[in-house]
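Novice: Please see the structure below; I have some questions.
The values are calculated or read from the model by the stated rules, or taken from the named source; none is laboratory data. All values reported here derive from a predicted model rather than from experimental measurement. When we count neighbours, we look across all protein chains shown, and the Cβ atoms used for this are built from the backbone with ideal geometry, even at glycine. Side chains included, ligands, DNA and RNA excluded: accessible areas come from the protein's heavy atoms. Shrake-Rupley method; radii C 1.70, N 1.55, O 1.52, S 1.80 Å.
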Amino acid sequence: MTASTATPPGEIRAADPLEPLEQALLRRAAADADAARAEAELSARTQTAAARAQAAEVLDRARAAGEADAERRQALDLARARREAQHIVLAAQRAAYEQLCTAARAAVQELLAEPGRQARLGALVVDRLGTEVRLEPHPSGGVVGVAADGRRVDASVDALVAHALARLDLAALWDDR
């Protein structure tokens with residue numbers, strides 16, 4: 001209160017005719033403020049819940065993408081490991097096959113070194129091509145027969161070994177079952 005509106009002591013102050021309106025406006029303003037605060041709190045809770053839901057969706061998508069990426073990488077790693085293992089197996093099979101060929105060539109050369117074996121091999125070639133045949137020694141051992149009409153029979157050590165190995169079921173050697 002200001003000094004000009006103060007009621008002197010002992011004097012009864014007259015009721016302010018606007019006071020009920022003022023009180024009503026204050027109550028209305030307080031109610032509006034309470035409603036605005038409640039609406040703001042509700043809006044904040046709703047927005048927070050929506051943001052959390054959106055964040056959860058983003059995390060779920062990121063997790064799913066990460067899992068899919070991990071599965072792709074794992075599949076690639078597994079495929080790479082299988083290729084490497086297959087390469088190792090094939091290299092071992094090739095080495096074993098080459099050892100087999102070397103051993104077979106040595107065995108055939110040893111057989112042909114026995115007396116009469118080279119002559120018997122030549123006779124077999126002549127039987128196959130006929131009497132008009134020229135027999136030529138082969139550098140690996142054995143002979144190559146050439147008929148007058150151009151037909152050939154390769155009875156070299158290399159050809160004999162290749163023919164013998166081709167008739168074998170070598171795949172059974174590699175079968176691990």
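Novice: What label, among (1) 8, 24, 23, 14, 10, 10, 8, 3, 0; (2) 10, 28, 24, 21, 14, 4, 0; (3) 7, 14, 11, 9, 7, 6, 6, 6, 5, 5, 5, 5, 4, 4, 3, 2, 0, belongs to P(r) over Cα pairs in 10 Å bins from 0, in percent computed from the structure on display?
Specialist: It is the one labelled (3).
Novice: In degrees between 0 and 90, to the nearest 10, how far off the longest principal axis of the chain does helix 117-129 point, with axes built from Cα atoms?
Specialist: Here the helix axis deviates by roughly 80 degrees.
Novice: Rolling a 1.4 angstrom probe over the protein heavy atoms, how many square angstrom per residue are accessible across region 60-177?
Specialist: Numbers: 8820 Å² over 118 residues.
For region 60-177, the solvent-accessible area averages 75 Å² per residue.
Novice: Rounded to the nearest 0.05, what FRET efficiency do Ala70 and Asp154 give with R0 = 41 Å and r taken as the Cβ-Cβ distance? Could you check?
Specialist: For R0 = 41 Å, the calculated efficiency reads 0.10.
Novice: Students sometimes get this wrong: rank Ser43, Ser156, Ser140 by accessible area, probe 1.4 Å, all chains present, largest first. List each step's numbers first, then the result.
Specialist: Numbers: Ser43 50, Ser156 0, Ser140 25 Å².
Sorted descending by solvent-accessible area, the residues read Ser43, Ser140, Ser156.
Novice: A follow-up question, please. Return the whole-Å distance between the Cα centroid of region 114-153 and the Cα centroid of region 30-72.
Specialist: 92 Å
Novice: In nm, what is the difference between 0.36 nm times the number of residues separating Ala79 and Asp60 and their Cα-Cα distance? The partial results should precede the final answer.
Specialist: On the way: separation 19, 0.36 × 19 = 6.84 nm, distance 2.81 nm.
Going from the current span to full extension adds 4.0 nm.
Novice: Hey, if you put +1 on the Cβ of every Lys and Arg and -1 on every Asp and Glu Cβ in the chain, which of Gln54, Leu100, Val89 ends up farthest toward the positive end of that dipole?
Specialist: So the residue furthest toward the plus end is Leu100.
Novice: Moving to a separate point now. Can you tell me the mean projection area, over all orientations, of the convex hull of region 32-115's alpha carbons? Units nm², please. Intermediate values should be presented prior to the final figure.
Specialist: Details: hull surface 21.3 nm².
Dividing the Cα hull surface by four gives the mean projection, 5.3 nm².
Novice: With every protein chain in place, what's the accessible area of His87 (1.4 Å probe, Å², nearest 10)?
Specialist: Rounded to the nearest 10, the figure is 130 Å².
Novice: How much of the accessible area of region 1-150, probe 1.4 Å, is carbon plus sulfur, in whole percent? Before the final figure, lay out each step's value.
Specialist: Working: 7040 of 11970 Å².
It is 59 percent, rounded to a whole number.
Novice: Can you tell me the 0 to 90 degree angle between the C-alpha axis of helix 157-166 and the longest principal axis of the chain, rounded to 10?
Specialist: 50 degrees
Novice: In debye, nearest 20, what is the charge dipole magnitude of the chain about its Cα centre with +1 on Lys and Arg Cβ and -1 on Asp and Glu Cβ, if you could check? Write out the running numbers ahead of the final one.
Specialist: Working: 23 positive and 27 negative charges, 177 e Å.
Computed about the Cα centre, the dipole is about 840 debye.
Novice: At 222 nm, what helix-only mean residue ellipticity would the chain give, in deg cm²/dmol to the nearest 500, using -39500 (n - 2.57) for each DSSP H run of four or more? Before the final figure, lay out each step's value.
Specialist: Values: 4 runs with 121 residues, N = 177.
Result for the chain, helices only: -24500 deg cm²/dmol.
Novice: Here is a further query. Would you look at the GNM of the chain, springs on alpha carbons closer than 10 Å, and say which of Ala159, Ala68, Ala51 moves the most?
Specialist: Ala51
Novice: How long is the gain from Leu21 to Leu173 if the chain were fully straight, where each residue apart is worth 0.36 nm and the alpha carbon distance is subtracted?
Specialist: Working: separation 152, 0.36 × 152 = 54.72 nm, distance 10.82 nm.
Fully extending the segment from Leu21 to Leu173 adds 43.9 nm.
Novice: Continuing with this model, one more query. With the chain treated as a Gaussian network of Cα nodes joined by springs under 10 Å, which of Asp60, Asp77, Asp34 yields the largest mean-square fluctuation?
Specialist: Taking springs between Cα atoms under 10 Å, the residue moving most is Asp34.
Novice: Which trypsin sites (Lys or Arg not before Pro) in region 79-172 pass both tests, a DSSP loop state and at most 12 other beta-carbon atoms within 10 Å? List each step's numbers first, then the result.
Specialist: Working: sites: Arg80, Arg82, Arg83, Arg94, Arg105, Arg117, Arg120, Arg128, Arg134, Arg151, Arg152, Arg167; in loops: Arg151, Arg167.
Hits after loop and neighbour filter: Arg151, Arg167.
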